[in-house]
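The structure appears right after this line, and notes come after that.
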Amino acid sequence: MRPRNQGVANNAMDHGNPTDTSGMAAATADSEPAAGQAKPGISLRLGHFRWVICALLLFGTTKNYMDRQVLGVLKTTLQHDFGWNEIDYSNLVFAFQAAYAVGMVVVGRLIDRLGTRLGYALAMVFWSLASMAHAFAGSLAGFAIARASLGFGEAGIFPASIKTVAEWFPKKERALATGIFNAGTNVGAIVTPFVVPWITVHWGWRWAFILTGALGFIWLLFWLWLYRKPEEHPRLSKAELDYIRSDPAEQPGKIKWIRLLSYRQTWTFMMGKFMTDPIWWFYLFWVPDFLQRQHGLKLMQIGAPIMVIYLIADVGSVAGGWLSSSLIHHGRSVNFARKTALLICAVAVIPIAFAYRIESTWGAVLLVGLAAAAHQGFSANLYTLTSDMFPSRAVGSVVGIGGMAGAIGGMLIAKIVGYALQWTGSYMIPFLMAASAYLLAVAVMQILSPRLEPALIGADSEN
């Protein structure tokens, strides 16, 4: 049976610069200032169901970050109960990152094969069960196994989310949509320091893992109820579908995973992730400890400062996505818009270098918040580069490859921070690394892709 909107399902997909079957290259991103604009004649009354899908992604990301941050909030408690030192804790972070690195490639590819609806659902079930499994761990090894399982399952979140955005939004709205769902990382990081200490004080730390993990099954019901591909969705108007599909058409076909590594565009995204993702992992897993160690806060006192940090980060996530989307909307090229937003965010991170020297708790909180906001704005634009430079059929795999690179960077910073704290007791080295990482990343990305040309990919066969 043909879907209701099948007549327009074969219209333009999300990639604006494909090659045709004769091998002729399309215009580069710099020559397409109007990429993603709606076709003439499309009604201004489009409908807004695509933003319902974006809200689902937002809540899924919130749940994801609640699960991964529980360990960071409980770091001091678990170190006391189990006698872990800083290197032991860094090994748990390392186990998560190693499994996350593997998962980003495996799960990213799986999502391209299964599709976003089923792929995201399976990832949610897997990581929710892994989160709950922490409650039954009784040793460092047990936590490492649970942590690695969580990392592998959580690897599905961004390949699925970015692929969903590529399917549901035209190019000019993708950075904004990415910024909105990526704000869920901050919402999760805000909620967790309030919820987890309360659960721990009243019911014990094991229930903190069980209850946060179980939330995934509530989200799953809404996902399975509401999510379909745009051309198959009964609630989507034809006008809105035409708007979503308003970018030039891409070639159908499959892309071999290994071929993606031969493109400079893949390495552009990989290097951006490798150099900046570790900084976010540092904030997530060590900022609660920084506030307790450096500023003497107790477990029940860290909620408000962390809330402020991630509320500021939320603003950065949406603002960073809005900035480049607005520049494109006003006629600037994709290359100019994305690079401008990335550079502004990179400069805004620099003051974090002084956070370890600030005696005022709220002064340090504001510096960390500014850096976190800049990271999120940077990340929203970095993720959007995948759908700028690759057709939608490759987006999940490219995001997976880049996520693997970011997780490898996270493995390295886990050991650096662990040993730096064990040997010096100071956060100076991690904060200096955070201050410089983004400008270096922008420089490397500019060398690799000075014009953000789309990858010239034709039809290919599966691996």
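Numbers for the structure displayed
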| read-out | value |
| --- | --- |
| Complete set of residues in the stretch 309-332 that are among the polar types (S, T, N, Q) and without any contact (Cβ under 8 Å) to a residue 40 or more places away in the chain | Ser326 |
| Where Thr424 falls short, out of the listed (1) β-branched (Val, Ile, Thr); (2) surrounded by fewer than 19 Cβ atoms within 10 Å (Cβ to Cβ); (3) touching a residue at least 60 places away in the same chain (Cβ under 8 Å) | (3) |
| Filter result for the condition that a residue is in contact (Cβ under 8 Å) with a residue 40 or more places away in the chain, closer than 27 Å to Leu92 by Cβ and in contact with an Asp or Glu (Cβ under 8 Å, 6 or more places away or on another chain), over Gly406, Gly396, Gly369 | Gly406 |
| Failed item in (1) within 30 Å of Ala137 (Cβ to Cβ); (2) of a type in the set (A, V, I, L, M); (3) at pLDDT 95 or above, with Val196 passing the rest | (3) |
| Per-region count, the stretch 122-164, residues over 17 Å from the mean Cα position of the chain (by Cα) and either among the hydroxyl-bearing types (Ser, Thr, Tyr) or assigned to a helix (DSSP H, G or I) (or both) | 23 |
| Close pairs (8 angstrom Cβ cut-off, 6 or more residues apart or separate chains): assigned to a helix (DSSP H, G or I) in the stretch 103-116, charged (D, E, K, R) and surrounded by 17 or more Cβ atoms within 10 Å (Cβ to Cβ) anywhere | Gly103/Glu154; Ile111/Lys163; Asp112/Lys163; Asp112/Arg393; Thr116/Lys163; Thr116/Glu167 |
| Unmet requirement for Asn182, which otherwise passes all of (1) surrounded by fewer than 24 Cβ atoms within 10 Å (Cβ to Cβ); (2) under 20 Å from the mean Cα position of the chain (by Cα); (3) more than 23 Å from Trp257 (Cβ to Cβ) | (1) |
| The listed residue being surrounded by 24 or more Cβ atoms within 10 Å (Cβ to Cβ), in a helix (DSSP H, G or I) and out of contact with any strand residue (DSSP E or B) (no Cβ under 7 Å at 6 or more places or on another chain), out of Val444, Val399 | Val399 |
| Any hit, the stretch 179-201, residues being touching a helix residue (DSSP H, G or I) at 6+ places or on another chain (Cβ under 9 Å), within 17 Å of Leu56 (Cα to Cα), not in a helix (DSSP H, G or I) and not hydroxyl-bearing (Ser, Thr, Tyr) | yes |
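The values are calculated or read from the model by the stated rules, or taken from the named source; none is laboratory data. Worth saying up front: this structure is predicted, and the values here are computed from it rather than measured. Because the Cβ atoms are built from the backbone with ideal geometry, glycine has one as well, and the counts that use them run over all protein chains shown.
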